[in-house]
Every structure is written in C-alpha cells, then in structure tokens.
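For reference, the structure is listed below as structure tokens.
Just so it is clear, none of the values below were taken in a lab; they were calculated from the coordinates. Note that the structure is predicted; figures quoted are calculated from it, not measured. Positions of Cβ are generated from backbone atoms using ideal geometry, with glycine treated the same way; all protein chains shown enter the neighbour counts.
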Amino acid sequence: MKNNINIRLLKQTDYEDFMQMSVAFFDMPCCDHQIETKNFDSTFHHCLKSSTYYTVLILEYDGNIAGFCSLAFSYSTEAGGHTVDFDDIYIKDEYQGLGIGHRLFDFVYANYPAKRYRLEATADNQRAIKLYQKLGFVFLNYLQLIKDVD
C-alpha cells in the first residue's frame, strides 16, 4: 500500500459495492445519460470471468472501498499499438483529494503498458479535466458517436 491506497482487481464479494458505486457514478452530472442497472450486473459478471478486453479495478483507502476504475483494452492503428481506455473512474466524495486518482494512473501505467491511454469527460466535469491535463492528457477534436444494439 502506498499512502494507505490499495488497488486490486474486482472480486465476487465486491458486488454490492460495485453496484452502488456504478449507480452513483452514472447519476452524476459528469455522465450525460442513464445506464440500465442490468448493464452494471453484466459488467460485474463479465469481469469475474475474463479480463482480456475489460477489467474493473477496486480502489481502497485505509482498507475501505473508495471507488473503482473500469479499463477497456484494444489496439489502435492511429496509435500504432495497444490502447487502454479509462472507461469509468469513480472516487467517492469523501475520498477525493487524497491522491487516489494520481495513484490509480501510476498503477495503470505500470501494470497495463500501452502506446496510448484514452479517457473521456463531459465538459462540465472541470475538476476531472484539470487532473487529466495535469497528468499529460490532451484533447482530441473528435466527436463521439454511438449506436447501441440490444
């Protein structure tokens, strides 16, 4: 543990915490649309079976669950190699400002080497954007489009 911070893979006993944090994360103004709870359940069970394409890290502070981070893995011709997308980053309010975010990025860089690390933020999440820029992230001039299929 560094500064009372521990980062580990999701495990079966994290189900309730993961579900509660996922609901809280997607209810925040930094997310621009609601997600069905069944998707959190699917993600949880997928990550327990396989971490090849997607994994969830649990963030702990002084032995308490302080948040989570979801990572998606792919390959990018544009980057010329493997990429890691920080899909979701959630740190509970009472644990913000304690260095967990910085430690998370150091952990991911050390344990998930890639040619490119990518993340997204809504424009109104200025606190997160300032952290990401401080860590060396820059804006891309892409618009993101999605098509969900049932």
Report summary line: For the chain the translational diffusion coefficient, Stokes-Einstein from a Kirkwood Rh over Cα pairs at 37 °C and viscosity 0.692 mPa s, in µm²/s, is roughly 202 µm²/s
Query raised in the report: Got a sec? How would M21, M28 order by Cβ neighbour count within 10 Å, fewest to most?
Result: M28, M21
Report summary line: Quick note, segment 42-125: a/c under 1.5 would make it rounded; otherwise a/b > b/c is prolate and the rest oblate (a ≥ b ≥ c, C-alpha gyration tensor); here it is prolate
Query - Cβ-based net charge around L119, under 10 Å, with every Lys or Arg adding one and every Asp or Glu removing one - result: -3
Query raised in the report: With r defined as the distance between the Cβ atoms of N111 and E78 and R0 fixed at 25 Å, what FRET efficiency is calculated, to the nearest 0.05?
Result: 0.60
Requested in this report: Could you list K134, K92, K49 in order of exposure, starting from the residue whose Cβ has the fewest other Cβ atoms within 10 Å?
Outcome: K49, K134, K92
Query raised in the report: To the nearest Å, what is the center-to-center distance of segment 1-71 and segment 117-150, using C-alpha atoms only?
Result: 19 Å
Requested in this report: Note the full-extension length gain between D148 and D62 as 0.36 nm times their separation in residues minus their Cα-Cα distance, in nm to one decimal.
Outcome: 27.1 nm
Query - Karplus 3J(HN,Hα) series, Hz, for segment 56-71 with 6.51 cos²θ - 1.76 cosθ + 1.60 (x for Gly, Pro) - result: 10, 9, 9, 9, 10, 9, 6, x, 9, 6, 10, x, 8, 9, 9, 10
Query - Cα-centred dipole magnitude for the chain, charges only on beta-carbon of K, R (+1) and D, E (-1), debye, nearest 20 - result: 680 debye
Query raised in the report: So what's the back-of-envelope 222 nm ellipticity for the chain, counting only DSSP H runs of four-plus at -39500 (n - 2.57) apiece and dividing by all residues, rounded to 500?
Result: -9500 deg cm²/dmol
Report task. Determine, for L48, L57, the number of other Cβ atoms within 10 Å of each Cβ, and report the residues in order from fewest to most. Result -> L48, L57
Report summary line: Beyond 23 Å (Cα-Cα) in this structure, taken from K11/K38; K92/K134; K11/K130; K92/K130; K38/K134, we find K11/K130; K38/K134
Query - Isotropically averaged projected area of segment 99-150, using the convex hull of Cα atoms (one quarter of hull area), nm² - result: 5.5 nm²
